[in-house]
Structure formats: structure tokens, C-alpha cells
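Working notes, beginning with the structure itself.
Just so it is clear, none of the values below were taken in a lab; they were calculated from the coordinates. Please read these numbers as outputs of a predicted model, since none were measured by experiment. Neighbour counts are summed over all protein chains in view; Cβ atoms, including those assigned to glycine, are modelled from backbone coordinates with ideal geometry.
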Amino acid sequence: MSEARLKTRLLVQAILRRYDQETIPAYIRRKGDPDAGTILLKIAYGPAEAMVLSQARDAEGRAGWLRLGGAERLEDAAAEAAIEKAVRRDPDLYVIEIEDAKGRILVEGPLL
């Protein structure tokens, strides 16, 4: 039996609220399917570097986050290219941008 999943719009709201509680700027950069879209996070360390995380599931089906681009810190152009590629592959994708020089990941689930 699979686990119950929140609608995407509710999870997006929870993520934004969590960052807001820490007074970290976060906003929806691209809206996707409100019920079943995937979420991608761009955590900007500053104007030149970012980390990109995508919702993913491990082999047992547990939810987590996958770092795109293979590195914790990507040049902003590489981060943007990873986002564009993900959007082309999945047009229902939500993109949330977070501006945090410390690169805090305040979402539930492990890094896969």
C-alpha cells in the first residue's frame, strides 16, 4: 500500500511557510500542477551560486530530495540550465526559489 500524498499546492504552501518562519526569502517562481506536480527548489547562496533540489523517491518509495547537477554549489548559469531541463521534461513542475547565503534546507525528507 502506498503512502498518502499531500496535494502539491499544500506542500508548496508548507515549504514557503517554513522558510517564512525563519525569515528567509522564498517565493514561487513557476507554478505547476496544483494537485500532482513535482517541486524543485533553487537555494541561492548569492547572485553567483545556487543549489538545486528536486523531489524524488528512493528504491523503497520513500520521499526525499535529489541534488541536481551533482554538486552542492553550482554556478548560477548551471543551476538555471538544470531548472530549464527539468521544466522541459516535466511541464507540471513547481519551482520555488529561496535566497539564503547559508544554504539551509528546511524541507522534510533526506537528501538522496
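Can you pull out every residue in region 39-58 that is out of contact with any helix residue (DSSP H, G or I) (no Cβ under 8 Å at 6 or more places or on another chain), part of a strand (DSSP E or B) and among the small types (Gly, Ala, Ser)? Correct list: Ala56 only. What number of residues within region 13-28 are in contact with a helix residue (DSSP H, G or I) (Cβ under 9 Å, 6 or more places away or on another chain) and loosely packed, with under 14 Cβ neighbours inside 10 Å? Here the count works out to 2.
Name the one entry in Leu40, Leu6, Leu10 that is surrounded by 15 or more Cβ atoms within 10 Å (Cβ to Cβ) and either β-branched (Val, Ile, Thr) or closer than 27 Å to Glu60 by Cα (or both). Walk me through how you get there before you give the answer.
Working: Leu6 fails: surrounded by 15 or more Cβ atoms within 10 Å (Cβ to Cβ); Leu10 fails: surrounded by 15 or more Cβ atoms within 10 Å (Cβ to Cβ).
Sole residue among the options that is surrounded by 15 or more Cβ atoms within 10 Å (Cβ to Cβ) and either β-branched (Val, Ile, Thr) or closer than 27 Å to Glu60 by Cα (or both): Leu40.
Looking only at residues in region 64-94 that are part of a strand (DSSP E or B) and not acidic (Asp, Glu), the one that is surrounded by the fewest Cβ atoms within 10 Å (Cβ to Cβ) is Leu66. Which of the residues belonging to region 1-29 are touching a strand residue (DSSP E or B) at 6+ places or on another chain (Cβ under 8 Å) and assigned to a helix (DSSP H, G or I)? Result: Thr8, Leu11, Val12, Ile15, Leu16, Tyr19, Asp20.
Listed by first and then second residue, the pairs linking a residue in region 59-81 that is among the aromatic types (Phe, Trp, Tyr) to a residue that is assigned to a strand (DSSP E or B), with Cβ atoms under 6 Å apart and 6 or more places separating them unless they lie on different chains, are Trp65/Leu53; Trp65/Leu111. Take region 1-59 and flag every residue that is under 13 Å from Gly109 (Cβ atoms) and hydrophobic (A, V, I, L, M, F, W, C). Leu6, Leu11, Ala14, Ile15, Ile39, Leu41, Leu53, Ala56 - these are the residues of region 1-59 that are under 13 Å from Gly109 (Cβ atoms) and hydrophobic (A, V, I, L, M, F, W, C). Just one residue in the set Gly32, Gly61, Gly103 is buried (at least 18 other Cβ atoms within 10 Å of the Cβ) and assigned to a loop (DSSP other than H, G, I, E, B); that residue is Gly32. Take Glu97 and decide whether it is out of contact with any Leu (no Cβ under 7 Å at 6 or more places or on another chain) and in a loop (DSSP other than H, G, I, E, B). So Glu97 does not fit the description; no.
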